Amino acid sequence: MLSLVIAAVVLIILFKILNVNNYPEKSMLYCANKQFLEEFMKRVPELNEPYIPTRFWGFSGHIQTIVQGVISRLNCPLVNGYRVYLKLTDGATLSYDLYQAQETHPDGGDFTLAVCPGIGNNSESVYIRRIVFNAQKHGYRVAVLNHIGTLKTVPVTSPRIFTYGNTCDYSAMVKDIVRRYRNTRIVCLGFSMGGNLVTKYIGEPRVKPSNVIAGISVCQGYDANRAMNMLLEWKGFRRMYIYAMTENMKAILRRWSNALFTEEIRNTYGVTRQAVFNSATLKEMDDVYMKRMLGFKSTQEFYRSMSSCHHMKNIRVPMVFLNALDDPIVPPPLLEIPRDVALNNENVIYIEQKFGGHLGFYEGGFIYSNPLTWQDRIIVKIGHALTMGYSSNKVEIKENFELELADSGDGHPSGIWLKAISKQNSVESDSGEAETGKRFLKPDKIPFFETPATSEMSSSHEEEGESNGDDTEADLETEADLESDNDGHGAVSGHPRRAPPTLTPPNTPVCSSRARRPLKEMSQLTQ
C-alpha cells in the first residue's frame, strides 16, 4: 500500500512538472498599429497556428530551458564561415563570424542578419548554429558577434570582457558589415542578453547606418534591475539559474584572469581577483567588479544604464519582440514592459507565446523533438516579413549610407515598413540633428568601454571569393569618422569629417578573416 502511495505521489509531481495536461495555443500579439499588424500577419501566417511543443516534456518551461542549454549540445548543424577580427581603440580584440547565404532571398535583395548571442555565448553555441543554418538556406548572410572573452581561441587583449548593455562591440560589427557590403540591408537579431543589446542599440541616440532596417529580440529581460532581483528569489527555482550563470561568468573570468586582473586594474579600480571569485551571485560580482570598472556608484545605477527598457520608446524601425510566459529566467511580470511598448509605439510588435521556456521552443514528436525548433522557423519568417519591399529594385542605399525611398506610398504593399524607415530618416540625419533643428541628446559616455573600432578590413573579401562589384568593395572610415559614436557628431571635435579612403592606411591595424574548419554535422538537418 505504501509503495502505491509513493508511486502516486511521484506521478503527480512528475505530471505537475511536465504540465502534460496543457494543450497547444496560438501566440498573443500586441501592436498599436493595426495596418502594421495586419500586413505582418499576412506575411507570417504561422502565427495564426498554435505552437505544438514536444508532447511529453515541451509544456514545461524548465525542461525546455535545460534541454536548450545542455542536452541540445549533442546535436549541432554544419555551418561553415569566416572569422573576422577587429582591433578596438581600447586594445580589445573583437571577433565575429560571417556566413554567406546558400540560397537566393525570396525578395531578391541582399540581406544580412546581424546576430547578438546571449550571455556568455558566441557563434559556437548550438542555438546560434541552428539559426545560422536555417537563415543561410533562406537567403540571408549571417554575422554572429562573439562576445569578448567567450571564445577560448580569441585572446582577451585588454582588461575587459562583454557587459549586459555595452552596444559598442555590436556597433563595431554592424559598421564593418556595412563597409564590406555597402548595399546590404541589416536585420538586427538578439537572444536573451543579446536581445537587450540589440534593442538598446536600435533605441539609443547613437548614429547608426541607414542599412539597419529592422530588429528582432528573443527572450530578453528588458529591465536588469527587476530581472536581477527576481532571479535572486527561490520562486520558480530561479535562484538555481542565476547560480549557473554566475559560475559561467566566473569560468570566463578565470580563463583570462591574467589580462583582466592586473596590478594597474587593482590600483585604479580597487578590483581584486579574490573578491570577484568569492561572489555568490551575479549581483555580488557586478557590485565588486562590473560597477567599478564602468565607473558607477551603485549596481542599481549600473543596471539602469545597461537596460534596454529606457530606450524602447525611441525605436524608429520596425521591431519584433518574442517571449514565452513560462520562461523561468524572464518571469511574467517583466513581460509587462514589451506589452506596454507595443501598445504605444507603432513600430513595435510583441509576440507572447504561452510555452517555450528560455530560448527553447522545441516542437513536434512525443519524446524526440524536430531538429529545428519553432523559434528557428519563426525568426526566418519574421525576417522575411520585415524585409519585404527592400529588394534592390525598390530601395538603394547610397555611398553616404542614406536610404533613398522609392515608391513608398501608402498603397505599396510594403508601405508600412518603408514609412517607418522614412520616419527614422526624417528624424535623424548623419549629423544626429533633426530636420526641425533639434538635436538628439548625446549618448552617455561610458569610460573605458565606450570605444569604437579603428581597425579596417583587409582584402579578406577576395579570400572569400566575393569580388562581385560594389557590394563587396569596402567603404573604409578613418579613426576620426569612427569616433562619431562617442560624441554624436560626424567627426571628432576639432576634426572635419573626411571622405573614406579607398585603401586601408598602412599605419592602421588591419582586421582579417580566415576560413573556419567545418563544425560538427548534425545528420538530422538534411532538409
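Scanning the stretch 57-71 for residues that are assigned to a loop (DSSP other than H, G, I, E, B), hydrophobic (A, V, I, L, M, F, W, C) and modelled with pLDDT of 90 or more turns up TRP57, PHE59. Only one entry in ASP286, ASP326 is buried (at least 20 other Cβ atoms within 10 Å of the Cβ) and within 30 Å of GLU38 (Cβ to Cβ), namely ASP326. Once the stretch 193-219 is narrowed to residues that are part of a loop (DSSP other than H, G, I, E, B) and either among the hydrophobic types (A, V, I, L, M, F, W, C) or in contact with a strand residue (DSSP E or B) (Cβ under 7 Å, 6 or more places away or on another chain) (or both), the residue that is surrounded by the most Cβ atoms within 10 Å (Cβ to Cβ) is CYS219. Answer with yes or no whether PHE36 is in a helix (DSSP H, G or I) and of a type in the set (Phe, Trp, Tyr). In short, yes. Of all residue pairs spaced 6 or more apart or on separate chains, those with beta-carbon atoms under 6 Å, a first member in the stretch 228-242 that is among the small types (Gly, Ala, Ser) and in a helix (DSSP H, G or I) and a second member that is at pLDDT 90 or above and crowded, with 19+ Cβ neighbours inside 10 Å are GLY236/PRO328.
Applying the criterion of being at pLDDT 85 or above and crowded, with 19+ Cβ neighbours inside 10 Å to the residues of the stretch 72-81, the residue that is nearest to HIS358 (Cα to Cα) is VAL79. THR246 meets each of the listed conditions (1) surrounded by 22 or more Cβ atoms within 10 Å (Cβ to Cβ); (2) part of a helix (DSSP H, G or I) apart from (1).
The values are calculated or read from the model by the stated rules, or taken from the named source; none is laboratory data. Fair warning: this is a prediction, and the values are worked out from it, not measured in the lab. Methodologically, a virtual Cβ is constructed for each residue, glycine included, from the backbone with ideal geometry; neighbour enumeration extends over all protein chains shown.
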